[in-house]
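Written out below as structure tokens is the structure these notes cover.
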Amino acid sequence: MAPPRSVGILGGMGPAAGADFVRLFVQACTAYLQTHALPVRDQSFPEHWLAQMPIPDRTQALSLDVHSVQDPAPHMLQGMGRLAALGVCSVAVACNTAHIWHGQLQALFPQLHVLHIAQETAAHLQQQGARQAVVLATAGTYRTGLYDAALQACGITPLVPDAQGIEQLMQGIYDGVKRGDQALAVQCFGSVLEGMRQQHGELPVIMGCTEIPLALPQAPQAQGATLIDPAWILAQALADQAYGAT
């Protein structure tokens, strides 16, 4: 096997999700090695760099002036520049909402392959034969139609919570996971999922914010649900890039 290529992870949105993505990436590399009957040892894993930066809030930025000091784009571009200088071939952005700026990141760093979390997730569900999917995400992700566009391009209809449900998701993300209140996050996410399951039945549930998988699987209302973690799918795609599979 040729030596794996160096890859990068743009994190800090929030810090717990970025750190957890590294865990998922190592897990995805292990799965890749096992699937290809390759030895799983320290030397088999690719060089990977995490740029864990304090990037301004992505959802709040969508309601600000484009030139606001709170614009996350310059900060993400700075992180991308640091990763590019380290010689990585591909980058995964460990935040769903941040993919609103994917086109800008890719255009300014054409030498890198910037993976797209929503497109990777939609392609995965298409391969599974899904025709509909519940999307749990941030208000910013809903507002921009990030998952709507990717899913519809793959023939999948996105189903989203009502305004009250979105408010509960935001509470679970900001007051729950980001502030270390896991119990509140589990309660908020579980309540929204229960309502969606009652309304739409058993469908794949996209956990379209990197904070949601850190709490939703522990909710009683999530038992038996088909939970789709885009971060895990993105980690697998990054492992494929590192080992030259794509």
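The values are calculated or read from the model by the stated rules, or taken from the named source; none is laboratory data. Given the structure is predicted, the values throughout are model-derived calculations rather than measurements. All Cβ positions, glycine included, derive from the backbone under ideal geometry; neighbour counts span all protein chains shown. Heavy atoms of the whole protein, side chains included, go into the accessibility calculation; ligands, DNA and RNA do not. Shrake-Rupley method; radii C 1.70, N 1.55, O 1.52, S 1.80 Å.
Just a few scattered comments:
- Failed condition for residue 20, given (1) closer than 24 Å to residue 109 by Cβ; (2) under 23 Å from the mean Cα position of the chain (by Cα): (1)
- Options 140, 155, 145; residue that is modelled with pLDDT under 95 and farther than 30 Å from residue 183 by Cβ: 145
One line per residue, one yes/no per condition, for (1) over 20 Å from residue 15 (Cβ atoms); (2) free of Cβ contacts under 8 Å to residues at least 40 places away in the same chain; (3) touching a His at 6+ places or on another chain (Cβ under 7 Å):
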{"position": "173", "(1), (2), (3)": "no, yes, no"}
{"position": "180", "(1), (2), (3)": "no, yes, no"}
{"position": "185", "(1), (2), (3)": "no, yes, no"}
{"position": "189", "(1), (2), (3)": "no, no, no"}
{"position": "194", "(1), (2), (3)": "yes, yes, no"}
{"position": "201", "(1), (2), (3)": "yes, yes, no"}
{"position": "205", "(1), (2), (3)": "yes, no, no"}
{"position": "208", "(1), (2), (3)": "no, no, no"}
{"position": "214", "(1), (2), (3)": "no, no, no"}
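- Answer residue from region 174-189, given it is buried (at least 20 other Cβ atoms within 10 Å of the Cβ) and modelled with pLDDT of 95 or more and is farthest from residue 136 (Cα to Cα) among those: 176
- Consider region 127-146 and keep the residues that are under 17 Å from residue 231 (Cα atoms) and small (Gly, Ala, Ser). The one that is surrounded by the most Cβ atoms within 10 Å (Cβ to Cβ) is 137.
- For region 154-178, the set of residues classified as farther than 22 Å from residue 121 by Cα and among the β-branched types (Val, Ile, Thr) consists of 177 only.
- Filter result (open to solvent by 30 Å² or more (accessible area, probe 1.4 Å) and not in a helix (DSSP H, G or I)) within region 31-53: 36, 37, 38, 39, 40, 41, 45, 47, 48, 49, 50, 52
- Just one residue in the set 20, 57, 71 is touching a residue at least 24 places away in the same chain (Cβ under 8 Å) and acidic (Asp, Glu); that residue is 20.
- Filter pass, residue 84 being open to solvent by 20 Å² or more (accessible area, probe 1.4 Å) and either within 14 Å of residue 7 (Cα to Cα) or assigned to a loop (DSSP other than H, G, I, E, B) (or both): yes
- Flag for residue 111 being farther than 22 Å from residue 145 by Cα and of a type in the set (S, T, N, Q): yes
- Qualifying residues in region 194-239 (those that are open to solvent by 20 Å² or more (accessible area, probe 1.4 Å) and in contact with an Asp or Glu (Cβ under 6 Å, 6 or more places away or on another chain)) - the one nearest to residue 173 (Cα to Cα): 213
- Which listed residue, of 28, 61, 17, 73, is open to solvent by less than 10 Å² (accessible area, probe 1.4 Å) and within 26 Å of residue 181 (Cβ to Cβ): 17
- Restricted to region 92-192, the set of helices (runs of 4 or more DSSP H) holding at least 1 residues that are within 28 Å of residue 241 (Cα to Cα) comprises 102-108, 117-127, 139-144, 146-153.
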